[in-house]
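Notes for the one structure printed next.
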Amino acid sequence: MSDDIRSLSETLAADPSSVVFVQLGEALRRSGQVELAWRVATRGLDRHAQRADAHDLVARIAIDRGDFARARAEWEAVLTLSPGHGGAQKGLGFLSFQQGDMEEAARYLGAALVADPTDESLATALDTVRAAQPDRRPIEEGPTEPAPVVDARTLFNEVLGGAGEAAMLLDSDGYVVAGQYRTEDGRDVAADVGAQLSGVSDEAGRAMRHLGLGRWRQIVFEADTASVAMAPSTGGVLLVAAPRTVPLGYVRRLLERSLERATRSLGRRA
Amino acid sequence: MTSPFSALLSALIRHRGVTGCMVVGEADGKIIDSSLQIGVKGDAFAALTASLYRKARRAAAAAGFGATGFFELDADGGRVCAAGRNDLVIVVVAEARANVGLLRVEMLKALESFA
């Protein structure tokens with residue numbers, strides 16, 4: 001248990017009505033203790049139902065748990081309590097994107113970008129969504145050759161070859177910007193896998209600050225059923241996974257080719 | 001004084017570009033045995049690499065990929081490799097010119113003795 005989590009837990013134990021549950025829930029979520037974070041957040045929300053940040057926290061943990069309906073409901077509650085809340089607009093934008101509703105995704109992401117113009121991940125995501133909506137580009141861009149229709153979920157298909165290979169571009173919050181991860185039964189679990197693995201890049205960033213090795217460029221690891229490679233990309237992290245039978249050197253090549261693909265397609269603002 | 005890991009560490013440190021190698025506790029990040037060139041911050045590499053390896057292992061398990069074996073991080077200023085089993089992690093710090101393929105084979109072979 002980190003010192004922060006211990007200290008916040010003690011504060012909450014001493015005063016269960018404290019709003020420190022928001023920080024504690026977020027710290028637990030970031031440390032990967034999702035179910036504990038969920039209990040802390042939902043109990044806190046019971047006591048503080050009028051706090052937008054409590055609903056926002058519950059929404060983000062709901063995403064980590066794969067409960068997208070609850071996440072949407074909570075972020076909508078945030079916007080009721082705090083119209084224009086950037087985090088809720090961003091969350092709803094990515095959620096709409098994940099669920100294929102590009103029009104709503106563009107609306108929410110655009111509003112979030114207005115609230116925080118410095119967030120590169122929002123700009124990248126909005127570019128992706130707009131690329132999937134060629135007919136809805138602003139008129140002032142003028143007549144050009146027809147833009148290729150890009151389904152962000154299939155962005156990396158041209159560089160992926162074999163069965164079981166997957167590539168995902170995640171933003172700095174672990175949301176999927178592009179790509180997908182299909183299981184054998186056809187479900188897209190990119191959001192779940194991305195949420196779990198994006199924490200590794202956060203940890204790498206922290207480690208680099210102390211080791212004097214400069215910036216990290218690539219992480220590769222082998223697990224029982226898959227080899228995973230990841231690298232920083234367009235304000236977030238690009239992640240490639242392949243069955244363990246695929247040689248590790250080839251997985252690295254897939255990562256490099258996927259990075260080129262992401263930069264070519266989305267890197268205009270990166 | 002020799003430890004059960006002395007032979008392993010002696011073999012790893014002789015590889016081209018390797019500047020340090022350690023056997024580290026995964027849970028606490030503390031060095032159990034090491035062979036380091038002068039100037040390598042063994043304690044920092046041990047603690048942070050063990051933490052990173054632990055994070056990768058847990059994330060891979062949560063993502064349904066099973067147990068993690070070999071791990072490698074490439075940075076502007078060098079590489080760190082790790083491989084673990086039974087709460088022990090072999091950590092290798094190396095320059096970019098190191099032959100990681102060879103290190104990987106040797107580290108995974110050494111893990112078998114940790115069973």
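The values are calculated or read from the model by the stated rules, or taken from the named source; none is laboratory data. Bear in mind the structure is a predicted one, so any value in this text is a computation, not a measurement. Methodologically, a virtual Cβ is constructed for each residue, glycine included, from the backbone with ideal geometry; neighbour enumeration extends over all protein chains shown. What goes into the accessible areas is simple: the full protein's heavy atoms, side chains included, and nothing from ligands, DNA or RNA. Shrake-Rupley method; radii C 1.70, N 1.55, O 1.52, S 1.80 Å.
Scanning segment A:233-269 for residues that are more than 12 Å from chain B (Cβ to nearest Cβ), open to solvent by 60 Å² or more (accessible area, probe 1.4 Å) and of a type in the set (K, R) gives A:R253, A:R257, A:R264, A:R268, A:R269. Look at A:G93 and say whether it is out of contact with any strand residue (DSSP E or B) (no Cβ under 7 Å at 6 or more places or on another chain) and at positive phi. For A:G93, the condition - out of contact with any strand residue (DSSP E or B) (no Cβ under 7 Å at 6 or more places or on another chain) and at positive phi - is not met. Taken over segment A:30-58, the criterion of being touching a Leu at 6+ places or on another chain (Cβ under 8 Å) and open to solvent by 30 Å² or more (accessible area, probe 1.4 Å) is satisfied by A:L36, A:Q50, A:R51.
Determine which single condition B:S34 fails, assuming it passes every other condition in (1) open to solvent by less than 40 Å² (accessible area, probe 1.4 Å); (2) at pLDDT 90 or above. Unmet condition: (1). For segment A:235-250, a residue qualifies if it is in contact (Cβ under 8 Å) with a residue 24 or more places away in the chain, among the small types (G, A, S) and outside any loop (DSSP other than H, G, I, E, B), and the qualifying residues are A:G236, A:A241, A:A242. Within segment A:15-31, is there a residue that is at positive phi and part of a loop (DSSP other than H, G, I, E, B)? Checking segment A:15-31: not a single residue is at positive phi and part of a loop (DSSP other than H, G, I, E, B).
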